[in-house]
């Protein structure tokens, strides 16, 4: 089988696989108890992981428009989960950082999601879990390579 055919099969498999991962592993009803939408959750994770981020940088990371991100950030600021401020070196740049309350909520939501996923994975054998770890780590490495070589795959 040629490389181009394998790439097409890979793309098809990922496209079929992704909705199942989101539905079964990213259990967002858990977020509902914290009044946190999936977009808000991913926003908090990105800000927490990266430190202060510009609004445009965060919009790019999340793959949303600046207008959509403004609405997300507005609600997070209103709920004291994120702090919005201007860059002291360039007052035209608006930065975001997670608040202490945001960190606390994020840790609780992550714990709930981890618990939910762990319950679902209990049916796997130790060998199956080891195989999943190996393959997820390999996929993460491969995706990092692909992402670093391409500014935006969907452009």
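The values are calculated or read from the model by the stated rules, or taken from the named source; none is laboratory data. Since the structure is predicted, the reported quantities are computational estimates derived from the model, not experimental observations. We place every Cβ from the backbone using ideal geometry, glycine too, and count neighbours over all the protein chains shown.
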query = Any idea how many residues of the range 72-103 are free of Cβ contacts under 8 Å to residues at least 12 places away in the same chain and surrounded by 12 or more Cβ atoms within 10 Å (Cβ to Cβ)?
reply = 2
inquiry  = Six or more apart or on different chains, Cβ atoms under 8 Å: show the pairs whose first residue is in the range 105-128 and more than 15 Å from residue 40 (Cβ to Cβ) and whose second is surrounded by 14 or more Cβ atoms within 10 Å (Cβ to Cβ).
reply    = 116/27; 116/30; 117/27
request  = Report whether or not residue 108 is assigned by TED's automatic domain parsing to the domain that holds residue 61, assigned to a helix (DSSP H, G or I) and surrounded by 11 or more Cβ atoms within 10 Å (Cβ to Cβ).
outcome  = yes
message = Can you find a residue that is at pLDDT 90 or above, part of a helix (DSSP H, G or I) and under 27 Å from residue 147 (Cβ atoms) anywhere in the range 79-99?
response = no
inquiry  = If residue 8 satisfies all but one of (1) assigned to a helix (DSSP H, G or I); (2) at pLDDT 90 or above; (3) over 16 Å from the mean Cα position of the chain (by Cα), what's the number of the condition it fails?
reply    = (2)
key: Only one of 37, 75, 65 that is out of contact with any strand residue (DSSP E or B) (no Cβ under 8 Å at 6 or more places or on another chain), in the same structural domain as residue 118 (by TED's automatic domain parsing), over 22 Å from residue 143 (Cβ atoms) and modelled with pLDDT under 90   = 37
